[in-house]
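Enquirer: Supplied in structure tokens, the structure appears directly below.
Computed from the coordinates by the stated procedures, all read-outs in this text should not be read as laboratory data. Just so it is clear, the model here is predicted, and its values are computed rather than measured. Counting neighbours? That spans all protein chains shown, and the Cβs are built from the backbone with ideal geometry, glycine included.
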Amino acid sequence: MSKTKKILALALSAAMALSLLAGCGGGGGKGGDSSTGSVYWLNFKPESDEALQEVAKMYTDKTGVPVKVVTAASGTYQQTLNSEMDKSNPPTLFIIGNQEAVKQWKDYALDLTGSDIAGQLTTDEYTLYDDAGRLVSISYCYESYGIIVNPDLVEQAGHKVEDIKNFDTLKAVAEDIHARSAELGFDAFTSSDMDDSSSWRFTGHMANLEYYYEQEGNVWTECPPSITGKYLDNFKNLYDLCINNSTVDPKELSVGGHDAGQEFKDGKAAFYVNGSWEYTNVSQAVPNATMIPYYCGVAGEEKAGLNVGTENYWAINAKASEADQKATMDFMMWCVTDPEASRKLVDTFGVMPYKQAAESTNAFLAAAEAYSAAGCYSMNAATNFQPNVNDYRAAMVSALNQYNADQSDANWELFRTAFVDGWAIQYNIANS
């Protein structure tokens with residue numbers, strides 16, 4: 001990221017008032033006075049709610065423009081968005097998180113081609129276009145995810161993080177810690193609950209390892225109508241390791257109610273499946289926490305890096321008034337250029353890919369860069385193509401709950417059906 005530039009708020013406000021929407025496409029958002037408009041951000045990230053409420057208040061105090069932030073509960077964003085869009089005062093700023101969602105929401109998205117906010121991006125790697133070539137959604141942060149590690153606990157157990165280079169070495173360390181958990185006072189993995197607050201870590205993010213390897217170098221640019229599940233046994237390797245060497249009995253995972261993040265912060269487990277957005281949350285308790293890849297037994301995975309991608313894309317509501325569109329664009333520009341605001345947002349998001357945004361201090365993102373610098377491959381977020389994502393993942397959760405209760409081959413086949421056949425079923429529904 002580029003270094004933060006100190007910009008006087010008065011000068012920034014004056015400049016934006018004159019020119020912010022001069023290049024904004026799509027017909028809406030041109031002209032108007034943002035003082036007559038307002039901003040309603042429907043937030044996708046529950047862990048960032050507190051920071052976003054503070055930023056919203058900062059902007060309103062500075063400009064007088066009302067900014068409302070509503071945060072959808074974890075795992076409920078699409079349902080909440082559907083509901084809110086039907087109301088008389090719908091969100092002016094919302095999330096179109098992947099190419100499949102573009103199909104559903106493109107008519108609600110202002111074309112950001114040539115806009116000032118698009119001009120602030122440092123990369124076009126995290127932008128979404130519709131089938132007409134309109135820039136409908138741009139990332140406000142990108143993330144890395146994998147397995148968060150407490151190096152101190154690993155060393156207390158007589159191992160080193162540097163020695164974990166593939167699934168065999170991860171398995172050896174995890175199983176040794178679990179076998180000696182009573183003696184050590186901590187276990188290998190935190191809990192892997194299957195409720196809405198946690199299941200996405202496995203049915204979304206960890207599932208990505210199968211999709212990534214199934215691409216076999218031919219990176220998906222659109223949702224394939226079917227998948228083979230060729231690397232599903234590799235997913236099983238890692239999933240079994242997580243649930244069977246953990247602080248919580250697998251049979252209890254369907255109930256939920258466990259706090260994996262707190263377990264990690266309290267030193268109850270050495271490994272925590274999650275992503276870079278958790279850095280601020282865990283770093284005070286575990287300041288030297290780092291992240292390692294999803295090692296799963298694939299040949300050559302010694303050269304694997306972290307998953308790098310995003311589901312966090314801003315879209316401006318094309319059906320909002322021009323005044324609200326302009327107010328929203330002004331707010332977005334302030335978020336990525338104001339030193340104080342961008343610092344607060346970067347601290348909660350990890351990184352923002354904008355020229356004047358504050359520099360990232362996120363060690364998990366630094367780990368992703370270190371793997372890349374060492375010649376390791378990054379795993380793209382192919383999981384973003386999951387069709388009818390909520391229904392698809394819900395079927396996987398149901399099957400995993402059966403498997404967690406009874407880890408039989410028959411129950412794993414139920415999950416394989418939900419994972420592989422479920423993709424084709426949901427693709428056909430989404431594209432019928």
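Enquirer: For region 113-181 and region 334-401, what is the separation of their C-alpha centers, rounded to whole Å?
Expert: 7 Å
Enquirer: Quick one: helix 49-63 against the long Cα principal axis of the chain, what's the angle to the nearest 10°, folded into 0 to 90?
Expert: Between the helix axis and the principal axis of the chain, the angle is about 10 degrees.
Enquirer: Okay, moving on. Stretched out fully, how many nm does the piece from residue 359 to residue 347 gain, at 0.36 nm a residue minus the Cα gap?
Expert: 3.4 nm
Enquirer: Going toward the positive end of the dipole of the chain, with +1 on Lys and Arg Cβ and -1 on Asp and Glu Cβ, which of 408, 72, 248 do you reach last?
Expert: Final value for the positive-end residue is 72.
Enquirer: Count the net charge of all other residues whose Cβ sits under 14 Å from the Cβ of residue 367, scoring Lys and Arg as +1 and Asp and Glu as -1.
Expert: So the environment of residue 367 carries a net charge of -4.
Enquirer: Right, here's the next one. Round to the nearest 10 and give me the degree value, 0 to 90, for the angle of helix 167-179's Cα axis relative to the longest principal axis of the chain.
Expert: 70 degrees
Enquirer: Further question: Let me check I've understood the local charge: for residue 84, count other residues with C-beta under 13 angstrom from its C-beta, Lys and Arg +1, Asp and Glu -1. What total comes out?
Expert: Local net charge: +2.
Enquirer: Right, next: Given 45/236; 236/268; 57/268; 68/268; 62/103, which pairs have Cα atoms separated by over 30 Å?
Expert: From the list (45/236; 236/268; 57/268; 68/268; 62/103), the Cα-Cα distance tops 30 Å for 57/268; 68/268; 62/103.
Enquirer: Additional query: Choose one of 350, 381, 337: the residue whose Cα lies farthest towards the positive end of the charge dipole of region 307-401 (beta-carbon charges +1 Lys, Arg; -1 Asp, Glu; about the Cα centre).
Expert: Of the options given, the answer is 381.
Enquirer: Further question: Between 0 and 90 degrees, rounded to the nearest ten: what's the tilt of helix 232-244 against the longest Cα principal axis of the chain?
Expert: Long axis of 232-244 versus the principal axis of the chain: about 80 degrees.
Enquirer: List the GluC sites (Glu not before Pro) within region 283-364 that DSSP assigns to loop and that have no more than 14 neighbouring Cβ atoms inside 10 Å.
Expert: Sparse-neighbourhood loop GluC sites (Glu not before Pro): 359.
Enquirer: Related question: When the Karplus curve 6.51 cos²θ - 1.76 cosθ + 1.60 is applied with θ = phi - 60°, which whole-Hz ³J(HN,Hα) does each residue of region 86-94 get, with x for Gly and Pro?
Expert: Using θ = phi - 60°, the values come out as 8, 8, 6, 10, x, x, 8, 10, 9 Hz.
Enquirer: At a 10 Å Cβ-Cβ cut-off, how would you order 187, 259, fewest neighbours first?
Expert: Lowest to highest Cβ neighbour count: 259, 187.
Enquirer: In the chain, what percentage of the DSSP-assigned beta bridges are antiparallel, given to the nearest 5?
Expert: 65 percent
Enquirer: Computed FRET efficiency, Cβ-Cβ of residue 107 and residue 83, R0 30 Å: what is it to the nearest 0.05?
Expert: Computed FRET efficiency for residue 107 and residue 83: 0.95.
Enquirer: How high is the relative contact order of region 250-320? Use alpha-carbon pairs under 8 Å, at least six apart in sequence, and give a whole percent.
Expert: Once divided by the residue count of region 250-320, the mean separation gives 18 percent.
Enquirer: Run through every distinct alpha carbon pair of the chain and return the Kirkwood hydrodynamic radius in angstroms, one decimal place.
Expert: 22.5 Å
Enquirer: Net charge around residue 291, counting only other residues with Cβ within less than 12 Å of its Cβ (Lys, Arg = +1; Asp, Glu = -1)?
Expert: -3
Enquirer: If you don't mind, another one. Using the Cα atoms as the points, what is the convex hull volume per residue of region 190-343 in Å³?
Expert: Residue-normalised Cα hull volume stands at 192 Å³.
Enquirer: In deg cm²/dmol and to the nearest 500, what is the mean residue ellipticity at 222 nm of the chain if only DSSP H runs of at least 4 residues count, each as -39500 (n - 2.57), divided by the residue total?
Expert: -11500 deg cm²/dmol
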